[in-house]
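Remarks on the structure that follows.
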Amino acid sequence: MTRIEKASVEEVVQAADMLEVVGLRTQLRKAGANYTGLCPFHQEKTPSFSVDPVEKLYYCFGCGEGGDLLAFVQKVENLTFAEAVESLADRYGVTLRYEESGATDADRRRRERLRRLLEQACAYYERVLWEAHLAEAARAYLAQRGLSEEAAKEYRLGYSFAAWSKLRDAALVKGFSEKELLDAGLTVPGRRGSGYDRFRGRLMFPLTDERGRVLGFGARTLGDDKPKYLNSPETPLYHKSEALFGLDKAKQAASREDALFVVEGYTDVLALVQAGVRNVVASMGTALTEEQLKRMVRLTRNLYLCFDADAAGQGAMTRALSVGRSLGITLRVVRVSNRMPSLSSSSRKVWLSADCDTPSFAAALVKLRSRATTRKDWRSARSRFCIHDLCS
Ligand SMILES: [Zn+2]
């Protein structure tokens with residue numbers, strides 16, 4: 001059982017901006033020494049919710065809800081005390097220290113080693129992608145998909161050699177063990193005791209936590225190998241049900257714009273980033289889980305789903321909506337008109353349903369539209385981001 005040190009909790013509370021945290025949930029206006037706004041905990045038309053930014057306390061004269069900064073975060077984000085501290089530590093860049101017993105100390109060191117191994121593997125794949133002659137096909141694939149080197153580098157894309165033990169050998173030289181390679185999900189156990197590289201001849205997409213630390217990889221084949229996408233297995237660090245591609249990069253924009261777009265594919269994220277939409281993440285595979293939704297809701301409650309218009313995408317969407325309902329989160333579906341829109345700005349609005357009239361997303365669609373020269377181009381571009389015939 002680990003506990004966050006008291007001094008760390010205090011440091012987090014000190015670092016956090018009460019007005020900013022509360023401001024994400026309700027608009028505040030200065031009233032004397034305090035601030036006031038509409039209560040996020042009950043429905044009201046005149047403000048009875050008051051915030052003391054210095055003491056970092058809140059109180060509602062309407063419903064009696066009140067407490068300190070951490071109580072507020074726990075309540076609105078549906079978190080435990082420790083989760084609320086971790087969430088704020090993340091947002092305000094505070095490194096937490098934990099009280100720990102001997103057993104968990106060893107466990108923590110082991111996880112730290114795995115993190116270091118995954119980080120080095122990520123850097124290795126990156127180097128291979130940009131420097132190796134044998135990665136030419138991977139670079140050509142990115143170019144052909146219209147993905148820029150800049151965006152690919154920002155998201156730390158890489159390439160794994162089409163060989164059995166290149167990564168393993170490099171990691172062993174660096175002092176990591178066969179067991180650590182297996183535990184990190186980077187190798188698969190072989191017949192003679194030694195493992196071989198799990199990812200071979202694939203474009204590598206690192207999957208990170210909110211802080212950008214590498215937990216695992218998603219990997220796309222460039223050939224006809226099955227499966228087309230191969231992910232890290234469950235490991236002490238990587239859990240498929242929690243993974244979201246690009247969450248660390250989307251964090252800031254999602255808080256600033258109070259909206260987050262969820263797409264299906266890694267390359268959809270890169271395409272939207274290139275088009276100026278930064279508050280975007282990809283769900284891994286088709287089913288959006290409760291854990292994924294909880295991670296996203298920490299950034300904003302305005303989630304927009306943009307899944308593929310095929311049957312799998314629609315099924316995923318319907319499931320996501322019902323998971324969202326059970327958590328009390330309203331998910332919105334991005335729909336775009338079926339017709340190829342004209343490029344004039346006056347008609348831009350009608351492309352989007354009222355639900356998703358968000359400037360950054362509209363801008364991305366304008367870019368997509370300007371690249372499309374035929375109706376067929378437009379349909380395929382649009383279908384990558386939007387589902388248009390599912391009513392929410
Ligand atoms: Zn209230």
Rounded if a/c under 1.5, otherwise prolate or oblate - the stretch 72-171, Cα gyration tensor axes: oblate
Derived scalar couplings ³J(HN,Hα) [the stretch 214-219; Karplus, 6.51 cos²θ - 1.76 cosθ + 1.60; whole Hz; x for Gly, Pro]: 6, 10, x, 9, x, 9
For Lys30, Lys251, Lys166, order by how many other beta-carbon atoms lie within 10 Å, fewest first: Lys30, Lys166, Lys251
Net charge dipole size for the stretch 57-151 [Lys, Arg +1 and Asp, Glu -1 on Cβ; Debye, nearest 20]: 320
Label-point separation, Ala170 to Tyr59 (7 Å along Cα→Cβ), nm: 6.0
Magnitude of the charge dipole, the stretch 3-99, Cβ model with Lys/Arg +1 and Asp/Glu -1, debye to 20: 340
Gyration tensor verdict on the stretch 3-99 (Cα atoms; rounded if a/c is under 1.5, prolate if a/b is larger than b/c, oblate otherwise): prolate
Test item: Cα-centred dipole of the stretch 118-243, Lys/Arg +1 and Asp/Glu -1 on Cβ, debye: 360
Out-of-range pairs (alpha-carbon distance over 19 Å; input Lys45/Lys294; Lys30/Lys56; Lys240/Lys294; Lys6/Lys294; Lys153/Lys249; Lys153/Lys179): Lys45/Lys294; Lys6/Lys294; Lys153/Lys179
Relative exposure of Tyr125, Tyr92, Tyr58, Tyr155, judged by other C-beta atoms within 10 Å (fewest first): Tyr92, Tyr155, Tyr125, Tyr58
Gyration tensor (alpha-carbon) shape descriptor, the stretch 112-238, a/c threshold 1.5: prolate
Amide H contacts under 5 Å for Ile4, placed H, 5+ residues apart: Glu99
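Starting from 0.36 nm per residue, how many nanometres of slack lie between Ala132 and Ser148 once their C-alpha separation is accounted for? Write out the running numbers ahead of the final one.
Details: separation 16, 0.36 × 16 = 5.76 nm, distance 1.79 nm.
Between Ala132 and Ser148, full extension yields 4.0 nm more.
We did not get these values from a lab; they are worked out from the coordinates using the rules stated. Remember, predicted model here, so these are calculated numbers, not experimental data. Every residue, glycine as well, gets a Cβ built from its backbone with ideal geometry; the counts of neighbours run over all protein chains shown.
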